[in-house]
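We did not get these values from a lab; they are worked out from the coordinates using the rules stated. These numbers come from a predicted model, not from an experiment. Neighbour counts run over all protein chains shown; Cβ positions are idealised from the backbone, glycine included.
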Amino acid sequence: MKDTYNRRINYMRISITDLCNLRCLYCMPEDGISKKNHDDMMSLEEIAEVTKVAAKLGINKVRITGGEPLVKKGIVDFIAAISGNEGIKDIAITTNGLLLKDYAKDLKKAGLKRVNISIDSLKPHRYKEITRGGDVYKVLDGIQEALKLGIKPIKLNVVVIGGYNEDEIEEFVYLTKNDEIDVRFIELMPLGQAANWAKEKFISNETIMKRMGNLIPEQHQTSSPAKHFKLPGAKGRVGFINPISSHFCGECNRIRLTSDGKLKPCLHSNKEIDILNVVRHMPKELENVLINAIQTKPEKHYLDTDDYELVTRNMAEIGG
Ligand code: SAM
Ligand code: SF4
């Protein structure tokens, strides 16, 4: 279905849990977030119900995220349930990859098509520091397992944080040389934990591109927020996602469902529409509520204006 700015909305990103087995500096408070009342969170069955109705309205692509989606009990059956929807053509997951080695085979069998793995450093000590405790070797094992199973393309998400990992840019880019791995550099966004320090640690993708002078531009796909490039002769691509320095709002095709059942028409706005109570108490209204929610999608984000109101939720609740 189309929104009021004639954008076709066909993509829903779902945070199935706000819990995580890591505490990345820019995403989670050191002690994690306080566990919410079970009744205030959407169950996987309820999320599956929302997805079914959304599919009727033209959502054909779903991304499962979190918190960490692989810590959620029942994730494999949930993916299988969603892939049973006729309208859903593409199911992807965004994960920190720590548990991927254990789950990859079952997820693929359940219908998972693609996986994005977040990894901000290849250096064990630094990875541990950024994630407050993670083991990068487990993530690398997960990547190898996904490659072995032919889950393609594998996309690695790298948030570049000034003073932390900008010296690893070349190393990340060279990962695309011999494997079908896309590496995507994502600009740090001023949300949740990063709301107040993102500006000082911000490195624009333009800076990275200048440093990697030998990248060849690929044709832009309008459905992707990333601009893609390739190293000469490489199997994978290098992508740049610039939500801050050059936003892609005009081509935005997505809505987001938070782990506590709120629909966010725009990542960079505090506006949310309650879905949880509709699924629980007025299920017949769900279709109309979703239609109306999509119509409230703003034309663009206002990050670069004086009117911008900081988004207070942590990314783990929204899903990224
Ligand atoms: N736990 C999973 C993971 O890390 O991939 C999925 C959830 S995580 C919130 C989704 C993505 O959001 C990750 O790639 C993470 O790096 C990114 N992210 C979180 N906070 C961010 C911020 N302030 N700016 C840019 N990206 C952010
Ligand atoms: Fe967890 Fe992902 Fe947030 Fe890191 S970015 S704390 S892995 S939800």
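When DSSP assigns beta bridges and you keep just the ones with both residues in the chain, what percent turn out antiparallel, to the nearest 5?
25
Using a simple spin-label model with points 7 Å from Cα along the Cα→Cβ vector, what separation in nm is obtained for THR312 and GLU287?
It works out to 3.6 nm between the two label points.
Any idea what the relative contact order of the chain is, in percent, if you count C-alpha pairs under 8 Å spaced at least 6 apart?
It rounds to 22 percent for the chain.
At a 10 Å Cβ-Cβ cut-off, how would you order LEU100, LEU140, fewest neighbours first?
LEU140, LEU100
Roughly what would the spin-label model give for GLU86 and LYS109, points 7 Å off Cα along C-beta, in nm?
With each label point 7 Å from Cα toward Cβ, the separation is 2.8 nm.
Please list, ordered by chain and number, the residues whose modelled amide H lies under 5 Å from the amide H of SER259; skip anything fewer than 5 residues away on the same chain.
Result for SER259 returns SER15.
Please go through the stretch 70-123 and write out the trypsin sites (Lys or Arg not before Pro) that DSSP classes as loop and that have at most 10 other C-beta atoms within 10 Å.
LYS73
Between their Cα atoms, which of LYS105/LYS262; LYS113/LYS148; LYS73/LYS105; LYS123/LYS227; LYS105/LYS152 are more than 22 Å away from each other?
LYS105/LYS262; LYS123/LYS227
I'd like to compare 5-18, 118-131: which one has the highest average count of other Cβ atoms within 10 Å, and what's the full order after that?
5-18, 118-131
So how strong a dipole does the chain carry about its Cα centre when Lys and Arg Cβ are +1 and Asp and Glu Cβ are -1, to the nearest 20 debye?
940
In Å, what Rg and Dmax follow from the Cα atoms of the stretch 11-318?
Calculated on Cα positions, Rg and Dmax stand at 18.7, 57 Å.
Once every DSSP H run of n ≥ 4 in the chain is given -39500 (n - 2.57) and the sum is divided by its residues, what mean residue ellipticity at 222 nm do you get, rounded to the nearest 500 deg cm²/dmol?
-7500 deg cm²/dmol
Please report the net charge: other residues with Cβ closer than 11 Å to the Cβ of LEU231, K and R +1, D and E -1.
+3
Place a point 7 Å from the Cα of ALA195 along the Cα-to-Cβ direction; which residues of the stretch 1-30 have their backbone N under 18 Å from it?
Residues 24-30 fall inside that zone.
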